[in-house]
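Comments concern the structure below.
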Amino acid sequence: MIVADRKPLSEIQDMIKGRDNILIIGCKGCVTVCNVGGLKEVRILASSLRIAAKKEGYSLKVDEKVLERQCDPEYIEQVKSTIHDYDAVISMACGVGPQFLSEAYPDQKFFPAVNTTFFGGAVSHGIWEERCAGCGTCVIHYFDGMCPVARCSKSLLNGPCGGSNKGKCEISKDVNCIWDMIVKKKIEQDRLNDLLNFMPAKDWRTARDGGPRTSRREELIQ
Ligand code: SF4
Ligand code: SF4
């Protein structure tokens, strides 16, 4: 899923400064799963903004709405009749949400309430880790299901750099060296020779380096 973090309240307050009638739109997709932009978080942000406004002595009306997804025009359509009732709209979806909203309603103003960070999952309650960088050509079958593109700080494909130390990456003792994990698993399974197969330079054109990407599924296009 896409993982995100809520922006600090002060940053969101700055964005909507001077506006007194706001709609907050959450999303029931990834941001609900990572506890950042679902119904509960929409309510918390709405209450926090109202309380902060009251404390600072100005009036702020904040309405709340949660869409099934903000990355799908079918659901974006559901706010068509009310979207212009507000001075501005705060989106609590990943970065896709406010962009889809802006494209659908170009004369409304949309603000992002979250910082979208990575594709990953929960490794324990309240902790999410990155697993995929969306490179467009998956190669994890060469590495026993571990991704050095996303999880090696240098995206190395032919073994660790010289900085790997006791299982940790040289950038921080809090970051595991994925290459240490790959090598250990190959040794455990007596398949270290797999790593003698040289990985040629990766074609990064399928990743972000090739510019904005489009995925076409001809069988779905009418
Ligand atoms: S190889 Fe690419 S697509 Fe596969 S997990 Fe890593 S970044 Fe994601
Ligand atoms: S220490 Fe490991 S994870 Fe960090 S950059 Fe080097 S090989 Fe990659």
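Gain in length, residue 9 to residue 48, computed as 0.36 nm per residue apart minus the alpha-carbon separation, to one decimal in nm? List each step's numbers first, then the result.
On the way: separation 39, 0.36 × 39 = 14.04 nm, distance 0.77 nm.
Stretched fully, the residue 9-residue 48 segment lengthens by 13.3 nm.
Checking the table 7/54; 17/54; 173/202; 154/186; 7/202; 54/80 against a 23 Å threshold on Cα-Cα, which pairs fail? The partial results should precede the final answer.
Working: 7/54 20 Å; 17/54 14 Å; 173/202 28 Å; 154/186 21 Å; 7/202 35 Å; 54/80 30 Å.
Violating the 23 Å Cα-Cα cut-off are 173/202; 7/202; 54/80.
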Fill in the blank from the handout: Placing each pseudo-label 7 Å from Cα in the direction of the beta carbon, residue 103 and residue 199 end up separated by a distance in nanometres of 3.2 nm
Practice task
Using the Karplus curve 6.51 cos²θ - 1.76 cosθ + 1.60 with θ = phi - 60°, work out ³J(HN,Hα) for each residue of the range 3-12 in order, rounded to whole Hz, and write x for Gly and Pro.
Solution key: 9, 9, 10, 6, 5, x, 4, 4, 5, 5
Problem - Choice from 208, 151, 50 showing the highest fluctuation, given a GNM over the chain with Cα pairs closer than 10 Å - result: 208
Practice task
With a cut-off of 19 Å, note down the residues of the range 201-216 whose backbone N falls inside the zone around a label point 7 Å from the Cα of residue 156 toward its beta carbon.
Solution key: 201-203
Completion exercise
Sorted by chain and then number, the residues having a modelled amide H within less than 5 Å of the amide H of residue 114, at least 5 places away or on another chain, are 7
Exercise for the section: Choose one answer from 172, 59, 153: the residue with the largest mean-square fluctuation in a GNM of the chain with alpha-carbon springs under 10 Å. Expected result: 172
Handout entry: Gain in span if fully extended, residue 192 to residue 40, counting 0.36 nm per residue against the direct Cα distance
Key = 49.9 nm
Handout entry: the chain - mean residue ellipticity at 222 nm from DSSP helices (-39,500 (n - 2.57) per run, n ≥ 4, rounded to 500)
Key = -7000 deg cm²/dmol
Exercise for the section: Pull up all non-local amide H partners of residue 3: gap of 5 or more, or a different chain, and H-to-H distance under 5 Å with H placed in the peptide plane. Expected result: 117, 118, 119, 120
Exercise for the section: For the chain, with a Gaussian network of springs between Cα atoms less than 10 Å apart, report the residue from 198, 100, 118 with the top mean-square fluctuation. Expected result: 198
Handout entry: Contour excess over end-to-end distance, with Cα ends at residue 219 and residue 78 and 0.36 nm allotted per residue
Key = 48.1 nm
Practice task
In whole Hz, with x marking every Gly and Pro, tabulate ³J(HN,Hα) for the range 16-33 from phi via Karplus 6.51 cos²θ - 1.76 cosθ + 1.60, θ = phi - 60°.
Solution key: 9, 3, x, 10, 10, 9, 10, 10, 9, 10, x, 9, 8, x, 3, 5, 6, 5
Completion exercise
Which residues qualify? For residue 63, with a placed amide H closer than 5 Å and at least 5 residues away or on another chain, they are 22, 23, 24
Practice task
For an R0 of 45 angstrom, estimate the FRET efficiency from the Cβ-Cβ distance between residue 58 and residue 124 and round to the nearest 0.05.
Solution key: 0.65
Exercise for the section: Enumerate the calculated ³J(HN,Hα) couplings along the range 118-130 in order (Karplus 6.51 cos²θ - 1.76 cosθ + 1.60, θ = phi - 60°), each rounded to whole Hz, writing x wherever the residue is Gly or Pro. Expected result: 7, 8, x, x, 7, 8, 7, 4, x, 10, 10, 10, 6
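Bear in mind these aren't lab numbers, they're just calculated from the coordinates by the rules spelled out. Predicted model, so just to flag it, every value in this text is computed and none were measured. Ideal geometry is used to build each Cβ from the backbone, glycine not excepted, and the neighbour counts take in all protein chains shown.
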